[in-house]
Amino acid sequence: GLDIIWLGSSVAYGAQAGGYYSMADAIADRHAATTCEKYAINGTTLTNLDAETYVSRMKTIDPSRSPDLFVVQLSTNDATSHKPYGEMTDSFDPSTFDDTTIIGAMETIISYVRTVFNCPVVFYSGSYYDSEEYAVMVDALLQLQEKWGIGVVDLFHNEEMTAIYDTELYHTYMSDTIHPFRQGYIEWW
């Protein structure tokens, strides 16, 4: 019976599962009366450099909403397009966050959701793939977890999930190293 907002890109959208089925849909299907509304556009980034970024889209959500949970996909697009990491601040003041960097955008999202929607924030990473840049992003997310007390679903470092990387079973779940098929969302993620 929860109202959950999902912010993300192709993985949250379900691009390789017909564009209509992702983890959000799998959760809604398994939990009666739970609504999962996806604010997801393929190819978008956390870093706030245009009108379709996570930060920009988040700010278009009706501020009078009262979601129970706000879930954010840790975008692989920032890693593949070599966006700047930035640095975590010591501050909780949003004016100190550089949302044109990955870390600054994550801090902006956390701060905004807490202030405007007053609900818990959970980020989730993708499952493991061979990307040093994405690994740095996941590690930065875990540092932000310590600072902000947010929830993190770390699929990237999950040993049980990583154990099947590049096996036959892995290829039944994943369209490529980033995007699950519908079966991957339901049975693995």
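Dipole magnitude for the stretch 3-81: about 40 debye, using +1 per Lys or Arg Cβ and -1 per Asp or Glu Cβ, origin at the Cα centre.
Full extension of the chain between E187 and D3 yields a length gain of 64.0 nm, computed as 0.36 nm times the residue separation minus the alpha carbon distance. In the chain, a dipole from Cβ-located charges (positive for Lys and Arg, negative for Asp and Glu) runs towards its positive end, and of S22, L141, L74 it is S22 whose Cα lies farthest in that direction. Fully extending the segment from T89 to I41, taken as 0.36 nm per residue of separation minus the present Cα-Cα distance, adds 14.5 nm. Within the accessible surface of the chain, defined with a 1.4 Å probe on protein heavy atoms only, the carbon and sulfur portion equals 50 percent. In percent, rounded to a whole number, the relative contact order of the stretch 55-165 is 29, using alpha-carbon pairs under 8 Å and six or more apart. Going by accessible surface with a 1.4 Å probe and the largest first, K147, K59 read K59, K147. Surface calculation, 1.4 Å probe, protein heavy atoms: D90 sits at approximately 150 Å² accessible. Of the whole protein surface, S9 contributes about 0 Å² of accessible area at a 1.4 Å probe radius.
Computed with a 1.4 Å probe over protein heavy atoms only, the accessible area of L142 comes to about 50 Å². Note on the chain: with a GNM built from Cα contacts shorter than 10 Å, the maximum mean-square fluctuation among D154, D99, D139 falls on D139. Rolling a 1.4 Å sphere over the protein heavy atoms, what is the accessible area per residue of the chain, to the nearest Å²? The answer is 46 Å² per residue. Helical runs assigned H by DSSP (4 residues or longer) give the chain a calculated mean residue ellipticity at 222 nm of -8000 deg cm²/dmol, each run adding -39500 (n - 2.57) before division by the residue total.
Rounded to the nearest 20 debye, the dipole magnitude of the chain is 660 debye, with +1 charges on Lys and Arg beta carbons, -1 on Asp and Glu beta carbons, and the Cα centre as origin.
Largest first, the residues Y128, Y134 sort by 1.4 Å accessible area into Y128, Y134. For Rg/Rh (Cα atoms, Kirkwood Rh), computed directly from the structure shown, the correct entry in [x] 1.32; [y] 0.94; [z] 0.98 is [y]. Ordered from largest to smallest accessible area (heavy atoms of protein chains, 1.4 Å probe), the residues F181, F92 come out as F92, F181.
Each of T96, S127, N158 was scored by the projection of its Cα onto the charge dipole of the chain, and the greatest displacement toward the positive side belongs to T96; charges sit on the C-beta of Lys, Arg, Asp and Glu. Each residue, Q143 and T100, gets one label point 7 Å from its Cα in the Cβ direction; the gap between the two is 2.1 nm. Computed about the Cα centre, the dipole magnitude for the stretch 101-189 is approximately 560 debye when only Lys and Arg (+1) and Asp and Glu (-1) carry charge, each at its Cβ. Could you work out the relative contact order of the chain? I mean the mean sequence separation of Cα pairs under 8 Å and 6+ apart, divided by the number of residues, in percent. Relative contact order here is 22 percent.
The values are calculated or read from the model by the stated rules, or taken from the named source; none is laboratory data. Every value quoted in this text rests on a predicted model; they were computed, and no experiment measured them. We place every Cβ from the backbone using ideal geometry, glycine too, and count neighbours over all the protein chains shown. Calculation scope for accessible area: heavy atoms of the full protein, side chains included, ligands and nucleic acids excluded. Shrake-Rupley method; radii C 1.70, N 1.55, O 1.52, S 1.80 Å.
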